[in-house]
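The values are calculated or read from the model by the stated rules, or taken from the named source; none is laboratory data. Here the structure is a predicted model, which means the values were calculated and not measured. Here the Cβ positions follow ideal geometry from the backbone for every residue, glycine too, while neighbour counts run over all protein chains shown.
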Amino acid sequence: MVMSYRFFTPPPARSATGEAAEVYRQLRDEFLGPVPTFQVLSAVPELMSATWSLMREALLAGDGSRVDRELTATAVSQANRCRFCVHAHVMLLHALGEHDLAEAAARDEPPAAKADLVTWAQASRNPVTARWHHDGHAAELVGTVVAFHFINRMVSSLLAPDLLPAGLQRSSMVRNVGGRLYAKVAREHKPPRKPIEEAYAELFRTASNVDGLLSEKARAHIRAVVAAEDGIHPAHPADWAVDQVRDLPALDRVGARIALLAAFAPSAVSQGDVALWRLSHPADADLVRLVAYGAITATDHVATAANAALI
């Protein structure tokens, strides 16, 4: 797959070793192969592994309805404006044989039969103000919501928005045919390996580790902004982020700004932001860890406010 990475190109999957190689093996066996979502995380193999683990247990494993989980992933991705993820999960709805549901989701139209589920999932973007709750919803659905709040933010920060070259995913025929190619693997039963709450705890620990990247003052400020703003979509993200970090020490401002953009408007992380960050932190892994901190802070706000047993 030809793919446009926004800030760096990860090494090919065939060159991976250790933990990253094992994740790629599992992706080939149980998902769609070494997809860009996980390739871009390979700069931090433990984060790549933890993200895959949560997604696998929530979205793919167990006996819960895969259709409901794919629709939930699509709805969360719509709420987060992650075009890449919306089209990926539209294709997976096609893979599951739900062609009408898939095309309704592609048009951003809540299907009549599943409107409550879609509304519930989309409300999680603003969990406090929307009074979002998960009464009556299976753990797999709650886990899927939480997983995709994290994945959407990582994808929108680090990948270009088009799933396929030249925007081919905008064609309903391409979406349908693409989905059918993955029908067999999408419909295979996958037994759970660990509880969803354990997978989330592992991701939270890993993504929260920004030692050497952000001061505790900056981390506390990012957590406070995430709690106070409750998932808003800033009208002018770059200006908004500059205002939010104005009172932080100069050494923290660039990193905190990128982390806040990752939490609220990840596609607005710019080449200029990253160039400034790389003056002091040139490694790709440090950029991924910084973005992951913003993403997990927003994700944990959702998990906590939803009172999900995943923290």
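Taken over region 7-32, the criterion of being of a type outside the set (A, V, I, L, M, F, W, C) and in contact with a helix residue (DSSP H, G or I) (Cβ under 6 Å, 6 or more places away or on another chain) is satisfied by 10, 19, 24.
For the residues 9, 37, the requirement of being within 23 Å of residue 281 (Cβ to Cβ), free of Cβ contacts under 8 Å to residues at least 12 places away in the same chain and outside the structural domain of residue 287 (by TED's automatic domain parsing) singles out 9. Each residue in region 69-127 was checked for being of a type in the set (D, E, K, R) and touching a residue at least 40 places away in the same chain (Cβ under 8 Å), and 6 pass. For region 52-63, taking the residues that are out of contact with any Lys or Arg (no Cβ under 9 Å at 6 or more places or on another chain) and under 17 Å from residue 29 (Cβ atoms), the one that is surrounded by the most Cβ atoms within 10 Å (Cβ to Cβ) is identified as 52. Being assigned to a helix (DSSP H, G or I), touching a Phe, Trp or Tyr at 6+ places or on another chain (Cβ under 9 Å) and of a type in the set (Ser, Thr, Tyr), is that true of even one residue in region 110-119? Among the residues of region 110-119, not one is assigned to a helix (DSSP H, G or I), touching a Phe, Trp or Tyr at 6+ places or on another chain (Cβ under 9 Å) and of a type in the set (Ser, Thr, Tyr), which makes the answer no.
The rows are residues; the columns are (1) small (Gly, Ala, Ser); (2) surrounded by 20 or more Cβ atoms within 10 Å (Cβ to Cβ); (3) over 17 Å from residue 154 (Cβ atoms).
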{"position": "246", "(1), (2), (3)": "no, no, yes"}
{"position": "251", "(1), (2), (3)": "no, no, yes"}
{"position": "259", "(1), (2), (3)": "yes, yes, no"}
{"position": "272", "(1), (2), (3)": "yes, no, yes"}
{"position": "285", "(1), (2), (3)": "yes, no, no"}
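One line per residue, one yes/no per condition, for (1) out of contact with any Gly (no Cβ under 9 Å at 6 or more places or on another chain); (2) more than 25 Å from residue 77 (Cα to Cα):
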{"position": "213", "(1), (2)": "no, yes"}
{"position": "222", "(1), (2)": "no, no"}
{"position": "230", "(1), (2)": "yes, no"}
{"position": "235", "(1), (2)": "yes, no"}
{"position": "242", "(1), (2)": "yes, yes"}
{"position": "252", "(1), (2)": "yes, yes"}
{"position": "268", "(1), (2)": "yes, no"}
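Residues to consider are 69, 28, 83; find the one that is of a type outside the set (Gly, Ala, Ser) and within 13 Å of the chain's Cα centre (by Cα). Answer to the selection: 83.
Of all residue pairs spaced 6 or more apart or on separate chains, those with beta-carbon atoms under 9 Å, a first member in region 198-214 that is closer than 22 Å to residue 252 by Cα and charged (D, E, K, R) and a second member that is at pLDDT 95 or above and not in a loop (DSSP other than H, G, I, E, B) are 205/50.
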